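The values are calculated or read from the model by the stated rules, or taken from the named source; none is laboratory data. Note that this is a predicted model, so its numbers are computed, not measured. FYI the Cβ positions are ideal-geometry reconstructions off the backbone, even for glycines, and counts take in every protein chain you see.
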Amino acid sequence: MLMRTDPFREVDRLAQQLLGAGTSSRPAVMPMDAWREGDTFVVEFDLPGVAADSIDIDVERNVLTVKAERRPANGDWEMLAAERPSGVFSRQLVLGDNLDLQRVGADYESGVLKLRIPVAERAKPRKVRVSTTTAGASEATAVTGTPGAPEGEQTAISS
């Protein structure tokens, strides 16, 4: 499902703490959770204070990229404490071929971006029934279950 290919994640988090939040040239990483619910892969990103129109989701091949920007508060006042990060946040996920990246769904509510990525039909488990040939039969027939079809419905393939 999700391939972990970022061995320097802790180093990046430490650098963010020392150097501050992300900028347009060096985006900050956004926290996420990922799990599977039946035939759907779910990913949630924490983006509190980010406007929905600043969220950008791109899919290229098997890489899903999420970018968002939290703009700093501007006004005619003196800032006394500035602990909340602002700037550009970015996260890339390398996803397996068993997911249907053509049907990614996204919802944003209460500062949480939730992506739902269905498992591809070709990756779903299915039953294969083995048939036997009778003596004297000149042709063998294999019967396989069609993915997503009711159990009684079958497709015959002749050799």
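Listed here are the residues, each with its yes/no results for (1) modelled with pLDDT of 80 or more; (2) assigned to a loop (DSSP other than H, G, I, E, B); (3) assigned by TED's automatic domain parsing to the domain that holds Arg36.
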{"site": "Pro72", "(1), (2), (3)": "yes, yes, yes"}
{"site": "Leu80", "(1), (2), (3)": "yes, yes, yes"}
{"site": "Val88", "(1), (2), (3)": "yes, no, yes"}
{"site": "Tyr108", "(1), (2), (3)": "yes, no, yes"}
{"site": "Leu115", "(1), (2), (3)": "yes, no, yes"}
{"site": "Thr133", "(1), (2), (3)": "yes, yes, no"}
{"site": "Val143", "(1), (2), (3)": "no, no, no"}
{"site": "Pro150", "(1), (2), (3)": "no, yes, no"}
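Quick check on segment 31-70: of everything there that is outside any strand (DSSP E or B) and touching a residue at least 24 places away in the same chain (Cβ under 8 Å), which residue is nearest to the chain's Cα centre (by Cα)?
That would be Asn62.
Could you check segment 39-64 and list, in sequence order, the residues that are over 16 Å from Pro118 (Cα atoms) and of a type in the set (Asp, Glu)?
Listed by number, the residues that qualify are Asp46, Asp53, Asp56, Asp58, Glu60.
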